[in-house]
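What follows is calculated from the coordinates using simple rules that are stated; it is not laboratory data. Fair warning: this is a prediction, and the values are worked out from it, not measured in the lab. Glycine gets a Cβ as well: all are built from the backbone with ideal geometry, and neighbour counts include every protein chain shown.
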Amino acid sequence: MTTTDTAIHTRALLVWLQISSWSARKYDKSVSNKVNRDAGAVDDAGRYNKYLLPGDAPSYKHLVTLLSSLRAWHYNETLAWSDEGNRLLTTANFTNYADTLRHKIAEIDRAVDVFVADYPTLRTLAANKLQGLYKPEDYPDVDDIRQKFGVRVSYNPVPIAEDIRVNLAADQIAMIEASINDNNRSAVDTAMADCWQRLHNVVAAVAGKLADPTAIFRDSLIGNASELCDVLKRLNVTDDPDLESMRATVQSQIASCLPQDLRDSKRTRQDTADKAKAILDSMAAFYTPAA
């Protein structure tokens, strides 16, 4: 086992977050065909999708917003690993991740309760809205709608070559072990590139926005930098000293700025823009953004 394999195996694990929801939309084939025929088009020229709930369904909107926010948070707190759905969760970030996830799931469960209670009324309102487009079969039963929403999480160790325990020839086992080690090294490289890309993007946004003295910006421009600097302390899975040094520089020179000070002082704004540009220039030695 290589040093890198040992480090990753002990410093991180794989997490798979599965989020399910009901789209509240339905493709209507008969209406689609009618619209296409009326327009003189072929049957597959367009598709008509119905919105199955009234536009002002706050309990549903709130629920899907929470689910969308959960997915974005999950990606922010983990690193890229594979195309199969697994993400890399550092052990340094596990407690924060698990505790926050538990609170978020509890909030989603409460939102599901509210929506399920509203669901019969929303169906009635939808029938009045859709009129001839309303079809009862488009809607899950009241008893089934709750099961359309859910969050499942699974944790697994990062695979290591010594996990292979199969009845194969020595050369075949060696080939499998080499493949695992190669895949791990490649995935670790991808994970660390993810860290650098996030840092580059947030600094580039600051540099670009502040360099234009007339550009309006939101507090989130600096807030995003601050949040990223915080999470990167827990995501640096290889303890890359260059990444940590760059993170600390962004923290002190950009994330610590007060947005209103940048608005009130042209000099402060320009100085911060210059610092952001200098950070980008120095970052080029470690990370090159994709074209």
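List of remarks:
- Cα→Cβ-extended label distance, 7 Å offset, between Val35 and Asp189, nm: 4.7 nm
- Extension gain from Asn49 to Asp141, taking 0.36 nm per residue of separation minus the Cα-Cα distance: 31.1 nm
- Using alpha-carbon coordinates, inclination of helix 29-38 to the longest axis of the chain, degrees: 80 degrees
- Estimated FRET transfer efficiency (Arg71, Lys129; beta-carbon r; R0 25 Å; 0.05): 0.30
- Using a simple spin-label model with pseudo-atoms 7 Å out from Cα toward Cβ, Gln18 and Ala211 lie 4.6 nm apart.
- For the stretch 3-157, the C-alpha radius of gyration divided by 2.2 N^0.38 Å, with N the number of residues, is 1.39.
- Estimated 222 nm signal from helices in the chain, with DSSP H stretches of n ≥ 4 weighted -39500 (n - 2.57), rounded to 500: -20000 deg cm²/dmol
- Using the Cβ-Cβ distance between Asp264 and Ala284 with R0 set to 25 Å, the FRET efficiency works out to roughly 0.20.
- Taking the longest Cα principal axis of the chain as reference, the axis of helix 266-283 is set at about 70 degrees.
- Using alpha-carbon coordinates, inclination of helix 241-250 to the longest axis of the chain, degrees: 70 degrees
- Extended-chain gain in nm, criterion 0.36 nm per residue less alpha-carbon gap, Ser154 and Asp271: 37.5 nm
- Over the stretch 236-275 - Rg/Rh using Cα atoms and the Kirkwood inverse-distance radius: 1.15
- Taking a straight Cα-Cα cut-off under 27 Å and skipping sequence neighbours fewer than 8 places away in the same chain, the lysines within cross-link reach of Lys209 are Lys233, Lys266, Lys275, Lys277.
- Expressed as a whole percent, the proportion of Cα-Cα pairs in the chain lying more than 30 Å apart is 54%.
- Of Phe115, Phe149, Phe94, the sequence from fewest to most neighbouring Cβ atoms within 10 angstrom is Phe94, Phe149, Phe115.
- Inverse mean reciprocal Cα-Cα distance (Kirkwood Rh) of the stretch 168-283, Å: 15.9 Å
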